[in-house]
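Here's the structure, in structure tokens; my notes come after.
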Amino acid sequence: MKQVSPVIATVPAIDLSAAFEGGPEDRQRTGDEIDRTCREIGFFTITGHGVDKALIDDLRDQSYRFFNQPLEQKKRSAPVHVDTPRGYRGLGFEALAHGNADATPPDLKEYYHFGREQWPDEPYYTSPEGQQYFVPNIWPDEPPGWADSAAAYYAAMETLTSKLLGLAALGLGLDEHFFDDKIDRHITAMRINHYPAQVSSPESRQLRAGAHTDYGLLTILNGENTPGGLQVQTRQGNWVDVETAPDSFVVNIGDLLMRWTNDRWVSNTHRVVNPPAGVPQCSRLSIAFFHHPNYDTIIKCVATAGEAKYPPVSSGDYRAEKYRQTRIAKAQG
């Protein structure tokens, strides 16, 4: 097995342009690069991704317009039922570290949660189980056009994720289309996270987002380089800052892909820290596409050697359990 580097000081960057524009050898080389990176840290930034920057900028601008509204206006877009994973969630709703059995105070963020806009009139989507995941979105009247911007961004992330998982399969020594029939009816949700400027001191051990791992296959994040940003923990236990330039994406491996690879790839703990004391306070926005496979896909070890470290689990059951662990608010605040 490849030896793990003793120290990783930065999150690796991978240029996807050759893989997306070239031939099979180019895709295999990039797949191998993804494999090396995911064995070591499970986080990397990507360039050459082909997503139009205007699409990113439009969604970011529209999102700031929403979050800069008064709280009472934003709360009109909260779901009626606390367990509905759509719409606005205010400060204090979630503590992500609870998913890793760490009882921290609530995270210092608010967010907007949405999924795909439309789906076929078929039992997979309309059955009682399907309706747990294919839920109508909640969009406010202001800003106008936010829903259209979000839907266009979501579609671009679907395309990008499909390409990335093809490269991931090659890196794992699998057929390039291994994941195709496991993600063709995926249950991916997106979040637009807003971390307000901190006008008072946080509680002890309270962060913008507590230390956690992501639940699904992989996450594609677009962020901002502002004080109080994303950090990832290396296998050696060190915390490393993650570059989150607005024209690139951060990709990280989720729990299900780690289980699928029998820990060959790591779903690393990460967090969003508070701005350092004494620096000018500013808000921060991040846009996260949490790719999650079809809810009936069974995740089981594809490793060619060694005993499986995890029992099989369905994609939907795993996500539902993680949601249960981290939602600490009983009513919208």
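Please treat every number below as a calculation from the coordinates, not as lab data. Bear in mind that the values here come from a model prediction, so they are computed numbers and not experimental data. Cβ: placed from backbone, ideal geometry, glycine included. Neighbour counts: every protein chain shown.
General observations
- With 0.36 nm allotted per residue and the present C-alpha distance subtracted, the Tyr124-Ala152 stretch has 7.7 nm of extension available.
- Phi-based couplings in Hz for segment 212-227 (Karplus 6.51, -1.76, 1.60; Gly and Pro marked x): 7, 10, 8, 8, x, 7, 8, 10, 10, 10, 10, x, 9, 8, 10, x
- Helical segments meeting 27 Å axial Cα length and Kyte-Doolittle 0.0 threshold in the chain (DSSP H): 146-171
- Taking the DSSP bridge list for segment 13-326 and keeping only pairs wholly inside it, about 95 percent are antiparallel.
- Label-to-label distance for Glu243 and Asp32 is 2.4 nm, based on points extended 7 Å past Cα in the beta-carbon direction.
- Candidates His194, Trp239, Gly229 compared by Cα position along the dipole of segment 187-262: farthest toward the positive end lies Trp239, with charges placed on Cβ.
- Phi angles across segment 242-259 convert, under the Karplus curve 6.51 cos²θ - 1.76 cosθ + 1.60 with θ = phi - 60°, into 3J(HN,Hα) values of 10, 5, 10, 5, x, 9, 10, 10, 9, 10, 9, 7, x, 4, 5, 6, 5, 5 Hz, Gly and Pro given as x.
- Between Ser283, Ser315, Ser63, the GNM of the chain built on Cα springs shorter than 10 angstrom shows Ser283 fluctuating the most.
- Between Asp317 and Asp83, residue separation times 0.36 nm minus the direct Cα-Cα distance comes to 82.7 nm.
- Packing around the peptides 66-76, 247-257, 129-139, taken as the average count of other Cβ atoms within 10 Å per residue, puts them in this order, highest first: 247-257, 129-139, 66-76.
- Dipole orientation for the chain: of the candidates Tyr133, Leu16, Tyr111, Tyr111 has the Cα lying most toward the positive pole (charges on Cβ; Lys, Arg +1; Asp, Glu -1).
- Karplus (6.51, -1.76, 1.60) ³J(HN,Hα), θ = phi - 60°, over segment 98-112, in Hz, Gly and Pro reported as x: 4, x, 10, 6, 10, 7, 8, x, x, 5, 8, 8, 10, 8, 10
- Computed magnitude of the charge dipole of segment 13-326 (debye, nearest 20; Cβ of K, R +1, Cβ of D, E -1): 980
- Rough spin-label spacing in nm, given labels placed 7 Å along Cα→Cβ, for Gln131 and Glu203: 3.6
- Gyration tensor (alpha-carbon) shape descriptor, segment 207-296, a/c threshold 1.5: prolate
- For the peptides 189-198, 214-223, the ranking by mean Cβ contacts within 10 Å, running from highest to lowest, is 214-223, 189-198.
- q = 0.07, 0.09 Å⁻¹, the chain: log10 I(q)/I(0) [Debye, one scatterer per Cα]: -0.27, -0.45
- Where Cα atoms sit under 27 Å apart: lysine pairs in the chain separated by 8 or more or lying on different chains: 24
- Taking amide H as placed 1.01 Å from N in the peptide plane, Ala189 has its amide H under 5 Å from the amide H of Phe290, His292, each at least 5 places away in sequence or on another chain.
- Peptides 77-83, 41-47 ordered by average Cβ neighbours within 10 Å, highest first: 41-47, 77-83
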